[in-house]
Structures are given as structure tokens and as C-alpha cells.
Amino acid sequence: MKPDTDVALEEVALELEDLVMHFGSVRAVDGVSLSIRKGQVTALVGESGSGKSTVGRCIVRLLEPTAGVVRIGGVDVTHLSRRQMRRHGKEVSIVFQDPAGSLDPRMLVGDVVGEPLRLQAGRISRRDREERINEELGRVGLRAEVARRYPHELSGGQRQRVSIARALISSPSLLIADEPTSALDVSVQASVLNLLADLQRDIGFACLFITHDLSAVEYLADDVAVMYLGQLVEKGSRERVFARPAHPYTQALLAAAPVADPPRQRARKAVLLGDDLPSALDPPSGCRFHTRCPLAFDRCTAEVPQLLGIGDGDAACHLVGPDGAGPDVRQTNSAGSLQ
Amino acid sequence: MTSPTQTHLGAPQDVAPVLDVRGLSVTFTTESGTVSAVDNVDLTLAPGEIVGIVGESGCGKSVTAMSLAGLLPRSARVSGSARLQGTELIGAPESVLRAARGQSIAYIFQEPMSSLNPVLTVGRQIGEVLQVHQGLSRKKARARAVELLTLVGIPSPLQRVDNYPHQLSGGMRQRVMIAMAVACGPTVLVADEPTTALDVTVQAGILDVLRGLRDRLGTSILFITHDLGVIADVADRVVVMYAGRVVERAPVDELFAHPQHHYTAGLLVATPTPGRHAGTDRLQEIPGLVPVLSTQPDACTFAERCSAADAQCLGSAPALSSDHDVVAVRPDHLVACWHPCGNPSARHQGSRA
Ligand SMILES: Nc1ncnc2c1ncn2[C@@H]1O[C@H](COP(=O)(O)OP(=O)(O)OP(=O)(O)O)[C@@H](O)[C@H]1O
Ligand SMILES: Nc1ncnc2c1ncn2[C@@H]1O[C@H](COP(=O)(O)OP(=O)(O)OP(=O)(O)O)[C@@H](O)[C@H]1O
Ligand code: SF4
Ligand SMILES: [Mg+2]
Ligand SMILES: [Mg+2]
């Protein structure tokens with residue numbers, strides 16, 4: 001255990017220690033440690049099924065972790081109910097990917113947004129509640145009259161704003177945003193990203209931003225954590241991860257995400273990994289990435305690489321040194337699948 | 001056949017297109033009236049060319065593509081012309097369409113699982129296509145299936161040919177779909193969001209397979225996506241659709257460098273690109289909502305959201321043309337706008353004087 005001082009604890013909004021979540025034999029999350037400082041945005045990226053949403057659901061207590069510790073603002077909330085968490089003044093909210101599916105279609109928008117207030121300790125008057133709802137709708141750029149509509153009468157972008165208003169009305173110190181823009185049209189994604197950036201700057205909540213959209217990550221995040229098959233393979237500042245990704249998987253991910261600039265995109269070289277994704281039911285031995293890693297060697301199949309410090313952040317790869325130096329799969333010439 | 005580098009420099013304008021779509025319109029009769037889903041769409045596809053279609057959800061990309069081979073439900077009314085190697089498809093008898101679907105135009109869709117038969121091995125499914133359309137024997141069809149699996153980059157094809165769809169990953173299932181689609185050597189492959197459900201590292205492999213088909217077999221590809229990054233990666237030319245209409249059409253580099261329609265320009269500045277961060281840079285938003293497609297107004301469909309709109313834009317619909325007074329724009333760059341963005345410096349500054 002590290003000797004955290006009280007001051008340091010105050011500064012940490014979220015701390016995960018060796019979080020494990022197994023669904024029967026599915027090892028969805030297998031030992032994730034992560035911390036987010038107050039007012040910072042950490043992006044959690046990784047392939048579909050790598051366990052990102054499961055991490056988010058464990059934090060907001062929608063899931064009971066199999067093992068590990070979740071601390072919010074220094075308080076261990078791992079086994080507290082959401083009600084008990086509120087009594088500790090530890091408020092966490094979540095915004096889901098699909099704005100249509102996560103809002104109750106029979107509730108008016110005003111009631112959807114105000115619901116967390118009803119659950120909060122200390123009753124407030126109806127008048128005050130309505131005022132808070134209007135204030136919150138205004139903050140996410142919706143007119144007050146939207147409160148009397150049903151979710152299906154709104155556009156996708158407006159619905160996502162409603163779920164953000166609902167998440168923020170209880171003044172959380174931590175917001176989990178699980179793919180908040182993935183289901184939205186290109187022309188409304190920008191407005192939701194801008195909104196999150198504005199609110200985060202004005203209110204200063206910490207945010208775990210779960211996404212697979214790397215350009216959104218670069219736009220919004222301070223820090224980046226990369227997941228592969230239930231485990232973190234790399235962490236670090238946004239600047240470092242985008243400029244000098246250390247782990248081969250992070251490098252491949254960055255090389256594979258196309259950029260909306262044709263000459264630049266053509267000049268890049270995707271690293272072809274092969275698409276036989278291993279399963280969380282039976283993760284590969286040693287380094288879980290070895291079945292797809294272009295650089296894998298004997299040691300990778302036998303020995304699990306630890307997530308070790310590399311200066312700015314951490315990486316879990318046998319080929320990455322303590323200073324972060326190591327090979328870059330984007331430089332090596334991987335055989336194309338058609339050759 | 002053109003080499004990939006040549007095609008990237010733009011469509012060979014002198015070669016007859018394999019697919020020539022003109023004035024294509026589709027309306028649906030629904031309980032709440034008539035919906036105009038596709039309105040007067042023109043597009044062409046040259047041999048060995050990859051044309052991307054981009055636009056918001058519901059703008060008519062899939063309906064355009066499906067109308068070509070008569071895949072729309074009965075409630076659809078299709079008019080206009082679509083010639084595939086000279087053969088008119090719109091209004092053609094079912095026998096003509098069926099022959100075209102088997103041999104000259106093939107489709108792959110976003111969700112491979114729903115298009116594959118779960119109780120047949122992939123070898124049997126690919127083989128059946130070959131037995132029906134090319135009259136191959138069962139043994140020959142199987143051997144050819146193995147070749148096709150190799151072509152689309154499936155490792156150990158001799159084993160995989162006996163797998164059932166559920167034994168394959170999502171990316172491999174999409175490769176199987178591609179193998180089935182190209183089994184009879186179609187001239188035109190329509191790929192409707194083929195990588196949207198896949199991870200980026202898997203997507204990169206699929207895009208590579210499609211590019212490989214074009215390079216090796218000369219297949220022309222109509223590639224539908226809403227991802228501008230994917231367009232930048234694979235397309236030679238781009239068709240931008242908005243609310244059922246084509247608003248802009250240009251070679252890919254030209255479109256990204258000098259977008260002329262205000263919707264295209266808006267999409268490009270709204271997309272986060274490498275190096276941009278919220279601390280220093282705000283994403284520009286496109287205000288307003290996509291219009292309802294009940295009836296197409298006699299106006300530019302983007303006028304309500306456009307900063308350059310004036311009375312002319314609200315009063316009549318601009319035609320897709322290259323006959324605009326913008327010096328920077330090439331003749332193969334078409335735009336449907338009364339007041340195109342013009343040269344790059346004049347862009348995004350609200351209405352032009
Ligand atoms: N309730 C559950 N029961 C059983 N397995 C589950 C459950 N929830 C998730 N899983 C499994 O856990 C793994 C991680 O899923 P999770 O949804 O966290 O991934 P993700 O990284 O969020 O993926 P995506 O990018 O597709 O949203 C997957 O293999 C998934 O099938
Ligand atoms: N069978 C149908 N009956 C009525 N309207 C339909 C039908 N099929 C499609 N539409 C409408 O036609 C329009 C165009 O739909 P289309 O599926 O082509 O959109 P798209 O551009 O492919 O969108 P997405 O990106 O969401 O796939 C939409 O407004 C849709 O609601
Ligand atoms: S200027 Fe007019 S025609 Fe052009 S996009 Fe704007 S509204 Fe449409
Ligand atoms: Mg998820
Ligand atoms: Mg579609």
C-alpha cells in the first residue's frame with residue numbers, strides 16, 4: 001500500500017485498486033488499477049469487449065465487483081449502496097451510450113432530469129425542484145419547455161443532453177461518460193463534446209470518458225488508459241500517449257484509427273493485427289496480446305508482463321524499458337493479409 | 001484496369017462508367033403520408049473505382065444503394081435510371097434483377113451475422129452461391145470457397161471452411177460475407193457500413209481486403225459510411241448526401257481540401273482531428289436539425305441550418321453542377337449550392353458579401 005497523505009487523498013477523485021469483475025467464467029475485468037485526480041478527464045479506450053463499460057458499471061455500483069477496491073474522494077465505497085454513498089456525500093453519475101434506450105419513455109423529460117433529486121437525502125420543495133430542473137436544462141443548452149416533452153419527441157443529440165442534465169443535477173464529483181457520442185450523428189457529436197468540455201471546465205468534476213473514438217479522446221482527455229481483454233496495457237498523459245505510445249497494442253490502435261485527412265491518412269500505415277480476437281472466457285497465457293502482437297517472442301507466451309512505470313505513465317510489455325523506450329510496431333513491416 | 005495510384009488521382013473521366021445513376025428518386029408510402037427518401041440522385045462509378053457515400057443517419061444512403069438491385073420493400077416507389085454496364089435496372093423485370101444480383105452487383109452489410117445462415121458451414125454457404133450461379137460441382141465449389149477465404153485473408157482457410165458462423169469472430173464473419181459477395185466476380189460491390197460494428201484494428205484489415213479486391217480484380221466499390229476517416233482512407237471520389245439529395249461530389253483530396261457545400265464544410269470542421277484539444281480549440285457545431293423528409297421543399301434542404309442562406313436558397317433548389325464561379329474548383333467537383341464556400345480563405349466566415 002502506498003502512504004497517501006490526507007492532502008493527496010483529497011486530490012484524488014477516483015481510485016481503483018486491482019478491480020476484478022467476473023461474470024461466471026467470463027473474466028471481463030481482471031485487475032485494473034487507476035486513479036483520476038479532481039477536475040481531470042481520463043479516457044478509457046480499448047477494443048469492443050475489453051471491459052470498459054464493466055469498469056464504469058462497477059464504479060457507479062450497478063455491479064458488485066468480484067474483488068478489488070473502489071475509492072471515491074478517498075472513501076472506500078466498494079460495498080456501499082448508492083444511498084449510503086450519498087450519505088457520505090460521494091456522488092457519482094453515469095451517462096450511457098444510447099440516449100434512447102437509457103431514458104424511460106413514459107416519463108416526461110422534466111421528471112427524468114429531476115429524478116436524482118427525489119432520491120437525494122433532504123427533501124426539497126416542488127418549486128425548488130422545478131427551478132433546479134430548468135437551471136440544469138439551461139446549462140446543457142435546452143429550453144425549459146423541453147421539460148414537458150417525452151424523450152421520443154427529441155432528437156438524438158437533445159436526448160443525450162437530457163441524460164447529461166440528469167447526470168449533473170446531483171452535483172457529482174465524478175462523471176462516468178460511457179460512449180456518450182457513439183450513437184449520435186456526426187453533426188451533433190461536436191455539440192455534445194463541446195458541452196462536456198464546457199461543463200467540465202465550469203463545474204470541475206472528474207470524468208472517466210469511455211470511448212473507442214480516438215479523435216474524441218485526443219480532444220477531451222487529460223490522461224489516457226488503454227484496456228485489452230480485461231486489463232490495462234498502458235496509461236499516461238494524452239500528450240505522451242498520442243506522441244509516444246509505448247505498448248504495441250496502443251501503437252496498433254493509433255495506427256488503425258483513420259484520420260479525416262486523405263493525404264495524411266494514405267501516408268500512414270495500418271498495422272494489420274489479424275482479427276481473431278481472443279475471448280475473455282479463456283484469455284491467452286502470458287501477455288494477453290501475444291496472439292495478435294507482431295512483436296511477440298517466447299517470453300510473451302509464458303510470462304505475464306507487469307504494468308510498470310515508464311516515466312510518463314505505465315506500460316505492460318516485455319519490450320518496453322523503464323524509460324518508455326521500446327520498438328514501434330508502426331515502423332516494422334507487418335505482412336499484409338492479402339500478400 | 002487502372003492502378004491504385006492512378007485512381008487516387010481522380011476518376012478516369014474518359015472511361016465509360018460501369019454504373020451510371022441518373023435522377024434516381026425513391027418515395028415511401030407510409031401511414032402518415034408520402035416520405036421522399038431519395039430525391040433526384042446522380043452518381044457514377046468508373047471501373048476499378050471506390051466511391052464513398054457519406055451523410056447523416058437517414059439521409060438516404062442505404063435506400064439509394066438498395067434501390068439499384070431492387071432490394072426495397074413494396075411500399076417503395078423508385079423512379080429515374082440506373083444503368084449497370086448498359087443494362088437498365090430501375091423497373092427491370094425480376095429475372096433481369098436476379099441475374100444482376102448473382103453476377104454483376106453484390107452487397108455486403110453492417111451486420112454479417114444476420115446475413116449468414118447459422119446452421120450451415122461457411123464453406124457450404126459460399127459453395128451454394130457458386131453451385132447456383134456458376135454451376136460448379138459440390139467438390140469444385142468447396143475448393144473455390146477455400147480460395148475465396150484465402151483471398152479475403154482468413155488464416156488457415158482449410159480449417160475455417162468447415163466452421164459455422166458462430167465459431168468466427170465478427171471481423172472474420174465480415175470477411176466471409178465479402179468472400180460470398182465476390183464469389184461470382186461482380187463488377188460492382190456495394191458495401192453498406194461494412195466496418196461500423198467492428199473495432200478499428202479489425203476495420204483496418206477489412207478495408208485492406210476491399211482495397212485489395214479493387215487492385216487485383218478491378219472490382220468497383222460503392223462504399224457507404226458516415227465516418228469521414230474511413231472515407232479519407234478508401235475512397236477515390238466522394239458523394240455527400242443531405243436529406244435525400246446529393247449536395248456535393250468530388251475527388252477525395254479535392255473534397256477535403258476545398259469543400260464547397262456548407263454542409264460538407266460544416267462536417268469537416270465539426271470532426272475532431274489529430275492535435276486538437278478542448279483546452280485550446282473549440283469544435284465548430286452545425287446548428288439545427290436535419291429536416292423531416294415528408295416532402296422535399298422547393299428550396300435548398302440545408303437552408304435552415306446554413307449561415308450563407310438567403311432568399312434564393314429558400315425559394316428554389318440548387319442543382320448539382322460544376323458551373324459555379326469559383327476559380328479554385330475543378331471541373332470534376334460538383335456542388336448543389338447557390339453560394340458555394342469558394343476559396344479556402346473565404347470559407348466559414350458566415351455569409352458572403
Ligand atoms: N452481465 C454480463 N454477463 C456476462 N458477461 C458480461 C456481462 N456484461 C459484460 N459481459 C462480458 O464482459 C466483457 C466485457 O464487456 P464490456 O461491455 O465491459 O466491454 P466494453 O469494453 O465496454 O465493450 P464495448 O466497446 O463493445 O462497449 C465482454 O466479454 C462481455 O461479453
Ligand atoms: N421501408 C421504409 N418505409 C418508410 N421510410 C423508409 C423506409 N426505409 C427507409 N425509410 C426512410 O428513408 C430515409 C432514408 O433511409 P436510409 O436507410 O437510406 O438512410 P441512411 O442514410 O442509410 O441512414 P443510416 O446512416 O442511419 O443507415 C429515412 O428517413 C428512412 O426513415
Ligand atoms: S448557401 Fe444556400 S444553397 Fe448553399 S448550402 Fe447554404 S442554403 Fe444551401
Ligand atoms: Mg461498452
Ligand atoms: Mg443505412
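Residue exposure proxy: B:THR201, B:THR44, ordered by other Cβ atoms within 10 angstrom of their Cβ from fewest to most, comes out as B:THR44, B:THR201.
Across segment A:106-116, coupling constants 3J(HN,Hα) worked out from phi with the 6.51/-1.76/1.60 Karplus curve, θ = phi - 60°, read 8, 9, 5, 3, x, 6, 4, 5, x, 3, x Hz, and Gly and Pro carry x.
Taking amide H as placed 1.01 Å from N in the peptide plane, A:LEU19 has its amide H under 5 Å from the amide H of A:GLY31, A:VAL32, A:SER33, A:VAL69, each at least 5 places away in sequence or on another chain.
Considering only A:VAL45, A:VAL70, A:VAL26, the mean-square fluctuation computed in a Gaussian network model of chain A, springs between alpha carbons under 10 angstrom, is largest for A:VAL26. Which is farthest toward the positive dipole end of segment B:114-185 among B:GLN159, B:MET172, B:LEU116, measuring Cα position about the Cα centre, with Cβ charges +1 (Lys, Arg) and -1 (Asp, Glu)? Farthest towards the positive end: B:GLN159. Taking every alpha-carbon pair in segment B:70-175 and binning the separations at 5 Å intervals from zero gives 2, 11, 18, 19, 17, 13, 11, 7, 2, 0 percent. Equivalent-ellipsoid semi-axes for segment B:114-185 (Cα gyration tensor, √(5λ), whole Å, largest first): 17, 12, 11. Ordering A:PRO180, A:GLY157, A:CYS207 by Cα displacement along the dipole of segment A:143-212 toward the positive end leaves A:GLY157 in first place; charges were set at the Cβ atoms of Lys, Arg (+1) and Asp, Glu (-1). Counting beta carbons within 10 Å around each of B:ARG175, B:ARG83, A:ARG106 and listing the fewest first gives the order A:ARG106, B:ARG83, B:ARG175. Annotation: average projected area of the protein assembly as shown is 32.5 square nanometres, based on the convex hull of Cα atoms across all directions.
Note on B:GLU31 and B:HIS166: the extension gain reaches 44.7 nm, defined as 0.36 nm multiplied by sequence separation minus the Cα-Cα distance.
Separation of the alpha carbons by more than 20 angstrom is noted, of A:LYS52/A:LYS269; A:LYS269/B:LYS61; A:LYS38/A:LYS90, for A:LYS52/A:LYS269; A:LYS269/B:LYS61. Karplus-derived 3J(HN,Hα) values for segment A:189-200, using 6.51 cos²θ - 1.76 cosθ + 1.60 with θ = phi - 60°, are 4, 4, 5, 6, 5, 4, 4, 4, 5, 4, 4, 5 Hz; glycine and proline are entered as x. Here the Karplus curve 6.51 cos²θ - 1.76 cosθ + 1.60, taken at θ = phi - 60°, turns the phi angles of segment A:47-64 into couplings of 5, 4, x, 6, x, 4, 5, 4, 4, x, 5, 5, 5, 7, 6, 7, 10, 8 Hz, with x standing for Gly and Pro. Around the amide H of A:SER285, modelled in the peptide plane, lies no amide H under 5 Å away from a residue 5 or more places distant or on another chain. For the segment B:246-254, counting C-beta atoms of other chains within 10 Å of every residue's C-beta and taking the mean gives 1. Look at where the Cα atoms of segment B:241-273 and of segment B:143-206 average out, and the two centres are 31 Å apart. When the helices of chain A are scored as -39500 (n - 2.57) per DSSP H run of n ≥ 4 and the total is divided over every residue, the value at 222 nm lands at -9000 deg cm²/dmol.
Ordering A:LEU154, A:LEU44 from the fewest to the most neighbouring beta carbons within 10 Å gives A:LEU154, A:LEU44.
Where a number appears in this text, it was derived from the coordinates with a stated rule and is not lab data. All values derive from a computational prediction rather than experimental measurement. Using ideal geometry, Cβ is built from the backbone for each residue, glycine included, and neighbour counts are taken over all protein chains shown.
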